[in-house]
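What follows is calculated from the coordinates using simple rules that are stated; it is not laboratory data. These figures come from a predicted structure and were not determined experimentally. Cβ coordinates were reconstructed from backbone atoms using ideal geometry, including for glycine residues, and neighbour counts include every protein chain displayed.
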């Protein structure tokens, strides 16, 4: 193993949630008179959380969001939390194959409730124990600030420069690169367009992975 610890983003790295979530956002915005494609939603909002996410959406439409936006989001969240979502191709096998003594954590913009519920659906929650961190809950500044990655590294007792981070979004990659870790840009999930790798390379990722087999080759 080339690194002392591994830190995962969650949505779009382990969970196939980005495509579905951005379709819902795009459909809603289009329905209220602001035509938006899933690709535009991903380009402008993916990886953000909390007030940063809401601010980006409001900037996109040029006005405050109506209450129905929040109601629609809550309804969609309830549905997928109940039903579950699939893994990103190869993610579960990769997690199960990790050396038992390799420190690992999740550093996500999503809530810990969202993360743990989906880990339960996927059957891999014990792999992370209590090392599940949310940029909305555990640090003052979420992504694209590097704080959540630095927080995760400290919790693992690892030097951030000896950690590898797996990230898929431009917002997340910006923070991951700024943290000083070795960053692998993930182009595995279904939301990743043909130009996704180029966008991540432009932000300074050290490597690109088109599959979890690629990740294995890069870190072992």
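Table for the structure above
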item	result
Segment residue 89-residue 211, extension gain: residue separation times 0.36 nm, minus the distance between their alpha carbons	43.2 nm
Which of 121, 70, 196 has the fewest Cβ neighbours within 10 Å, and the rest in rising order	70, 121, 196
For the chain, Kirkwood radius (reciprocal of mean inverse C-alpha pair distance, Å)	17.5 Å
Hull volume in cubic angstrom per residue (convex hull over the Cα atoms of segment 18-83)	82 Å³
Exposure proxy ranking, count of Cβ atoms within 10 Å, fewest first, for 137, 39	39, 137
Residue order, fewest to most surrounding Cβ atoms within 10 angstrom, among 149, 28	28, 149
Order by protection proxy (mean Cβ within 10 Å, highest first), peptides 47-54, 29-36	47-54, 29-36
Chain lengthening between residue 201 and residue 120 when straightened (0.36 nm per residue, less Cα-Cα)	25.9 nm
